[in-house]
1. In whole percent, how big is the carbon plus sulfur part of the accessible area of chain B, probe 1.4 Å, protein atoms only?
2. Compute the angle between helix A:189-212 and the longest alpha-carbon principal axis of chain A, please, reported from 0 to 90 degrees and rounded to the nearest 10.
3. Summing +1 for each Lys or Arg and -1 for each Asp or Glu, what net charge is found among the other residues whose Cβ lies under 15 Å from the Cβ of A:Ala40?
4. With +1 on each Lys and Arg Cβ and -1 on each Asp and Glu Cβ, how big is the dipole of region A:12-212 about its Cα centre, in debye rounded to the nearest 20?
5. Can you give the accessible area of A:Glu110, probe radius 1.4 Å, in Å² rounded to 10?
6. Given charges of +1 on the Cβ of Lys and Arg and -1 on the Cβ of Asp and Glu, with all other atoms neutral, how large is the dipole of the protein assembly as shown about its Cα centre, in debye to the nearest 20?
7. Output the DSSP H helices from chain B with an along-axis C-alpha extent of no less than 24 Å and a mean Kyte-Doolittle hydropathy no less than -1.0.
8. Do you know which residues of region B:35-76 lose at least 10 square angstrom of accessible area in the protein assembly compared with their chain on its own, with a 1.4 angstrom probe?
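The values are calculated or read from the model by the stated rules, or taken from the named source; none is laboratory data. Since we're looking at a predicted model, the values are computed, not measured. Positions of Cβ are generated from backbone atoms using ideal geometry, with glycine treated the same way; all protein chains shown enter the neighbour counts. Keep in mind that these areas ignore ligands, DNA and RNA; they rest on the heavy atoms of the full protein, side chains included. Shrake-Rupley method; radii C 1.70, N 1.55, O 1.52, S 1.80 Å.
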Amino acid sequence: MKKLSITAEFFKGFIRENPIFCLYLGLCPALATSSSVKNALGMGLSTTAVLIASNITISMLISILRLTLNDNFFNKIQQIRIPMFIVVIASFVTVVDFVLKGYFPALSKELGLFVPLIVVNCIILGRAEAFASKNNVVLSFVDALGMGLGFTLSLSLLGTVREILGAGQFMGLSVFGENFKPAIIFVLAPGAFLTIGFLMGFFHHISSLHKKG
Amino acid sequence: MNEIGIILKIFIAVVIVNNFVLFRFLGLCPYIGVSKDTDSALGMGMAVIFVMTMASAVTWVIYNFLLIPLHIEYLIIIAFILTIATLVQIVEMIIQKTAPVLYESLGIYLPLITTNCAVLGVAMLNKDTLTGETLSFIKSVIQGFGAGVGFTLAMFLMSGIRERLELADVPQCFKGVPIAFITAGLMAMAFLGFSGML
């Protein structure tokens, strides 16, 4: 197996394999919950928590199964790995959902439908399938942390742009003073599409400049 | 208002006013991923309408006759995602056996639907509306069907535009997905015009 360094695995989620701007994964929650920085951070951190927990569990589960079962039976288990992963992920999402409802009821109400929908966030199943099922626990944890923080950062970036343009605020604090007329369209649905489109274009431009030299 | 009026209102609301893709941001991955040409967009749309209607019906039964009587409503996420995954598998097998032609055209899109958040989204919305009450069976099925139709509508319009965009002179860094999102933004703006309708 190729040797993977911990720092490289951690930082790839920020720019090179950024889940939203480069891999186009997890777009639905990214657009729906980024109308303010607070919601974006809440969603990002919830997703990160689920991602870390599921990555660690799945990595351990696969290693234990590989050690204890004989090869023939293990290969059979491999065929039903996707439903297995989904059950693990769904359990953790249930936990996060109840933690949010119990301790952050206001945030939970704002995020609403999108907390249970973390289950079908492609990032989580994608990392479980592509990384956690093939690597050891430490690397899987680092991968989940990097990807999760990369996701959180992208969401906050979207949230910052939309909140400043759409409400004239940052984290609920007024930025431009009383006379600023915010463009409300940016906190509504069309603004989300426009913002992510332009940010993606910007990211592409940066990476093409890097390639040129 | 009589029942039929309410049902019609629910249908129009999910198809146009609260369109799942352009207003609620559900099902964006296939919306961006599969909308490159009109044929595959329509194929995907048909598959989604079918699965969403079925999923609304089945999850309603599961929730009201299994989860509530046993007082295990907290297992809703696990129960629903497993139901939907199983349903997609069964639908795939049935279509493969009974209608091979349809299977040929839908084939590759069916498994993708399991991770389409719009399907789980409509199942959750059916039980958790703004008022906190559960929709009746008929209304749930109509909402599921309407959500599928709305998804197909948005997807079909988008694929038509994207076929033209292929030929347009777009700046290099906006080619592909970024320009698709900006187009979606303009479409969402147009759909926002319906918001006063209901």
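1. On chain B, the fraction of accessible area on carbon and sulfur atoms equals 70 percent.
2. 70 degrees
3. 0
4. Here region A:12-212 has a charge dipole of around 320 debye.
5. Result for A:Glu110: roughly 120 Å² accessible.
6. I would put it at about 680 debye.
7. Once both thresholds are applied, what remains is B:38-62, B:76-98, B:137-165.
8. The answer is B:Tyr74.
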